[in-house]
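Below you'll find the structure, written out as structure tokens, and then a few comments.
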Amino acid sequence: MKTFIIGNWKCNPTTQAQAEQLFDTVEKGIKRIKSASWRNKNIEVVICPPFVWLPLISASVCAKGFGGLVFGSQDCFWEQSGTYTGEISPTMLKNLGCSYVIIGHSERRKYFNETNETVNKKLLSAFKVRLKPIFCVGEQEGEEMSLVVKNQLIEGLSGIKRTQMRNLIIAYEPVWAIGTENPCQPNEAMKAILFIKKTLSELYNRELAEEIPILYGGSLNSKNAKDYIKEAKMNGLLVGGTSLDGGEFIKIIKSV
Ligand code: PEP
């Protein structure tokens, strides 16, 4: 299975020049570390900028593109087009060259009233145009992980077929660990990941559950990243704040 390193730029940077510079640092960094063994290591780096910077990244990746670096968006709407002022559809993202879309990020649940029901509609809609969703789940401080995550999985994945599941990535992101410099320790995160696998086995089957990459996200940096991949053997990382520092993001990729 591939190892995924995903950078979520959130609502940053605020100018095109800064976005270009950040992407340039990441692209050059990857080219430098990209050796004959890169392919064998099977690492996929995914950059998820705000919608407005997607065209410039798309142009760069399509013009100079090389294996192992692709891009995605941080959200999408559930309809493909129509009278929905302000929305961005999965079809638009697909036509721009996006491969992935983050769906159900806790910041969208918190600030934009995203529910398991809207997350489910967005997942179904992304699958329709073959965008690969990065489906975020995780409990808030004081909540029981198993109760919250099980419900997010059952309701979020309602109606999603086995064949579609093969294009899904799940990111376990405990809300209390996001942007707090208080990461969930690898052994604890691994317990949540095993719980997610168990739930997927119950909802689908064991073979399928084993095929779905499950990543960790929350206060990752260039020092702690390797513990999740090399020791806890996770399938990848969703990196927020640290992905805004191109040098640090490259160090994370190097470390794993
Ligand atoms: C995120 O936004 O998905 C995230 C994990 O953020 P941070 O790395 O800043 O905790």
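The values are calculated or read from the model by the stated rules, or taken from the named source; none is laboratory data. Here the structure is a predicted model, which means the values were calculated and not measured. Here the Cβ positions follow ideal geometry from the backbone for every residue, glycine too, while neighbour counts run over all protein chains shown. Each accessible area value is taken on the protein alone, full model and side chains, heavy atoms only, with ligands, DNA and RNA left out. Shrake-Rupley method; radii C 1.70, N 1.55, O 1.52, S 1.80 Å.
To two decimal places, what compactness ratio does the chain give when its Cα radius of gyration is scaled by 2.2 N^0.38 Å? Present the calculation step by step, with values, prior to reporting the outcome.
Details: Rg = 17.1 Å, N = 256, 2.2 N^0.38 = 18.1 Å.
Here the Cα radius of gyration is 0.94 times the empirical estimate.
HN-Hα J couplings of the range 198-208 from phi, Karplus 6.51/-1.76/1.60, θ = phi - 60°, integer Hz, Gly and Pro as x?
Karplus values, whole Hz, x for Gly and Pro: 4, 5, 5, 4, 5, 6, 10, 7, 5, 4, 5.
How much accessible surface does I252 have with a 1.4 Å probe, in Å² rounded to 10?
Solvent-accessible area, nearest 10 Å²: 0 Å².
Chymotrypsin sites (Phe, Trp or Tyr not before Pro) within the range 157-256: which are DSSP loop residues with at most 12 other Cβ atoms inside 10 Å?
Filter output for the range 157-256: empty list.
Hey, can you grab everything whose amide H is under 5 Å from the amide H of N235? Only 5+ residues off in sequence or another chain; H modelled, so Pro and N-termini drop out.
Hits under the 5 Å cutoff: I214.
Which whole-angstrom value gives the distance between the alpha carbon centres of the range 171-221 and the range 92-118?
18
List the GluC sites (Glu not before Pro) within the range 150-256 that fall in a DSSP loop (any state other than H, G, I, E or B) and whose Cβ has at most 12 other Cβ atoms within 10 Å. Let's see the in-between values first.
Values: sites: E155, E181, E188, E202, E207, E210, E211, E231, E248; in loops: E181.
In loop regions of the range 150-256 (DSSP not H, G, I, E or B), the sparsely surrounded GluC sites (Glu not before Pro) are E181.
Which FRET efficiency, nearest 0.05, do C62 and R32 yield, Cβ-Cβ r, R0 22 Å?
0.55
Give me the log10 of I(q) over I(0) for the range 67-163 at q = 0.12, 0.13, 0.15 Å⁻¹, as the Debye formula computes it from C-alpha points; what are the numbers?
Rounded to two decimals, the profile gives -0.39, -0.46, -0.60.
Among the lysines, which fall within straight-line cross-link reach of K10, defined as a Cα-Cα distance under 21 Å, with same-chain neighbours fewer than 8 residues apart omitted?
Hits, sequence-local ones excluded: K94, K110, K122, K132, K251.
Counting only protein heavy atoms and a 1.4 Å probe, tell me what percentage of the chain's accessible area is made up of carbon and sulfur. Show your work: numbers first, answer last.
Values: 6060 of 12010 Å².
After summing per-atom areas, the C and S share lands at 50 percent.
Could you compute Rg(Cα) / (2.2 N^0.38 Å) for the range 8-131, with N its residue count?
After normalising by residue count via 2.2 N^0.38 Å, the value is 1.12.
Considering only protein heavy atoms, with the full assembly of protein chains and a 1.4 angstrom probe, order D227, D245 by accessible area, largest first.
Of D227, D245, the descending order of accessible area is D245, D227.
With the radius of gyration and the Kirkwood radius both derived from the Cα set of the range 118-183, what is their ratio Rg to Rh?
1.02
Per residue, what accessible area does the range 136-256 have, given a 1.4 Å probe and all protein chains present, in Å²?
It amounts to 46 Å² per residue over the range 136-256.
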